[in-house]
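**Q** My questions all concern the structure below.
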Amino acid sequence: MILPNKKEFQGRDYISLKDFTPDEILYMLHVAKGLKEETKAGVSHPILQGKNLAMIFTKSSTRTRVSFEVGMEQLGGHALFLSDRDIQIGRGEPIKDTARVLSRMVDGIMIRTYSHQDVIDLAEYSDVPVINGLTDTFHPTQVLADLLTIQEHKHQIAGLKLGFIGDGNNMAHSLMNIAKLGMHIVIASPSSYQPDPGIIADAQTAAKKGGGLIEIVEDPMLAAKGADVLYTDVWASMGQEEEAKIRAKAFAGYQVNEQTLKAANSKAIVLHCLPAHRGEEITEDVLEGPQSVVFDEAENRLHAHKAILALLL
């Protein structure tokens, strides 16, 4: 039975992958892979029996909610869904008060919200591990599932080129944090929508130490050329609906389609964190095509999140 035995993970927060070394990330993938294989073989892992996870959502979700809730159940624990309409945080209770109250009642807190500072504050005042389920700045739980998917289909991580085409958003920021595993990450975004310069600088420093490389470009074909992994995301994320028309114009040439795919490695895989706006950032034929592994990627949210829960809790 695959059981996490690295005590250095216990009690830690999972706010961004920049906080974890390459070896630690690879160990998380090892645990996720083992849990997935054994669960599918009928092996149970009740290692979190009696433990409770509070799940705070100020942003709605399909994959994040289901994966963490099912993941806790499969690990023998229990998850509580808490929307901002259900708890006092939605009526102005300070994050630090919510953190101190919840951490006296539960064993971990997962939060999916807008402000990254809210997650940092939650972790500062909480006595139990805090997991960043998504903010406007980072989406580290998604990227662990992405890595698991890449590992399954490409049988390696180091030495691969990943081309991300789209908004320099939380996904772009999080993908840059895995360049330190020896990957070549190219982010293609319009000049007004490129990633945060400070996050780029931090990620580039870590990438250099790990033998990786990060490039920020405007031409999407530069990201696609020779890529082993093609990745895209919606042009307007949750909370940016009013900008949708402006963004549609700015991102008109930033679509993953047959032409983009032809520029990539012939055996490239296509990733998308979902939900997808078919016909905008990605075409129907590519999303549903033989090189798309987006639904393997979606399933791997469950297994990656189980690994995080098992290690931290």
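**Q** Out of all the residues in segment 175-203, which are of a type outside the set (A, V, I, L, M, F, W, C) and without any contact (Cβ under 8 Å) to a residue 12 or more places away in the chain?
**A** P197, G198
**Q** Given the conditions (1) among the basic types (K, R); (2) modelled with pLDDT of 95 or more; (3) more than 22 Å from the chain's Cα centre (by Cα), report the number of the one that R65 does not fulfil.
**A** Here R65 clears every test but (3).
**Q** Just checking, does segment 116-131 include any residue being polar (S, T, N, Q) and surrounded by fewer than 16 Cβ atoms within 10 Å (Cβ to Cβ)?
**A** Yes, because at least one residue in segment 116-131 is polar (S, T, N, Q) and surrounded by fewer than 16 Cβ atoms within 10 Å (Cβ to Cβ).
**Q** Which ones in segment 46-68 are touching a Phe, Trp or Tyr at 6+ places or on another chain (Cβ under 7 Å) and part of a helix (DSSP H, G or I)?
**A** Once the filter is applied, which keeps residues that are touching a Phe, Trp or Tyr at 6+ places or on another chain (Cβ under 7 Å) and part of a helix (DSSP H, G or I), segment 46-68 yields only R65.
**Q** Just to be sure, is H303 in contact with a Lys or Arg (Cβ under 8 Å, 6 or more places away or on another chain), within 30 Å of T113 (Cβ to Cβ) and not hydrophobic (A, V, I, L, M, F, W, C)?
**A** The answer is yes for H303.
Rundown of residues vs (1) part of a loop (DSSP other than H, G, I, E, B); (2) in the same structural domain as I214 (by TED's automatic domain parsing), yes/no style:
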site	(1), (2)
R100	no, no
M105	yes, no
I109	no, no
Y114	yes, no
D118	no, no
A123	no, no
L148	no, yes
I157	yes, yes
F164	no, yes
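**Q** Taking the conditions exactly as written (exposed (fewer than 14 other Cβ atoms within 10 Å of the Cβ) and either free of Cβ contacts under 8 Å to residues at least 24 places away in the same chain or farther than 24 Å from K209 by Cβ (or both)), does N5 satisfy them or not?
**A** When the stated conditions are applied, N5 passes them.
**Q** Take H153 and tell me if it is modelled with pLDDT of 95 or more, surrounded by 24 or more Cβ atoms within 10 Å (Cβ to Cβ) and not assigned by TED's automatic domain parsing to the domain that holds F57.
**A** No, not satisfied.
**Q** Okay, next question. If we keep just the residues of segment 239-298 that are assigned to a strand (DSSP E or B) and free of Cβ contacts under 8 Å to residues at least 40 places away in the same chain, which is surrounded by the most Cβ atoms within 10 Å (Cβ to Cβ)?
**A** Taking the candidates together, the pick is S292.
**Q** Considering only residues that are in contact with a His (Cβ under 9 Å, 6 or more places away or on another chain) and of a type in the set (A, V, I, L, M, F, W, C), look in segment 234-281 and name the one that is nearest to E152 (Cα to Cα).
**A** So, considering only residues that are in contact with a His (Cβ under 9 Å, 6 or more places away or on another chain) and of a type in the set (A, V, I, L, M, F, W, C), the one nearest to E152 (Cα to Cα) is I269.
**Q** May I pose another question? Being more than 19 Å from V143 (Cβ to Cβ), crowded, with 17+ Cβ neighbours inside 10 Å and hydrophobic (A, V, I, L, M, F, W, C) narrows it down to one residue among F57, F68; which is it?
**A** F57
**Q** Determine whether segment 125-146 contains at least one residue that is in a helix (DSSP H, G or I), farther than 14 Å from I308 by Cβ and not assigned by TED's automatic domain parsing to the domain that holds M171.
**A** Among the residues of segment 125-146, at least one is in a helix (DSSP H, G or I), farther than 14 Å from I308 by Cβ and not assigned by TED's automatic domain parsing to the domain that holds M171, which makes the answer yes.
**Q** Which of the numbered conditions does M28 fail, given that it passes all the others? Conditions: (1) assigned to a loop (DSSP other than H, G, I, E, B); (2) closer than 16 Å to I308 by Cα; (3) touching a residue at least 24 places away in the same chain (Cβ under 8 Å).
**A** Failing condition for M28: (1).
**Q** Can you say whether V43 is of a type outside the set (S, T, N, Q) and not in a loop (DSSP other than H, G, I, E, B), as far as the supplied structure shows?
**A** No; evaluated as a whole, the condition is false for this residue.
**Q** Please work out if K36 is in contact (Cβ under 8 Å) with a residue 12 or more places away in the chain, among the charged types (D, E, K, R) and not assigned by TED's automatic domain parsing to the domain that holds F164.
**A** In short, yes.
**Q** Considering each of A236, A244, A264, A248 in turn, give the residue that is in the same structural domain as S191 (by TED's automatic domain parsing), modelled with pLDDT of 95 or more and among the small types (G, A, S).
**A** Step by step, each of A236, A244, A264, A248 is checked, and only A264 is in the same structural domain as S191 (by TED's automatic domain parsing), modelled with pLDDT of 95 or more and among the small types (G, A, S).
The values are calculated or read from the model by the stated rules, or taken from the named source; none is laboratory data. If you're wondering where the values come from, they're calculated on a predicted model, not measured in any experiment. Here Cβ is always computed from backbone atoms with ideal geometry, including for glycine, and neighbour counts include all displayed protein chains.
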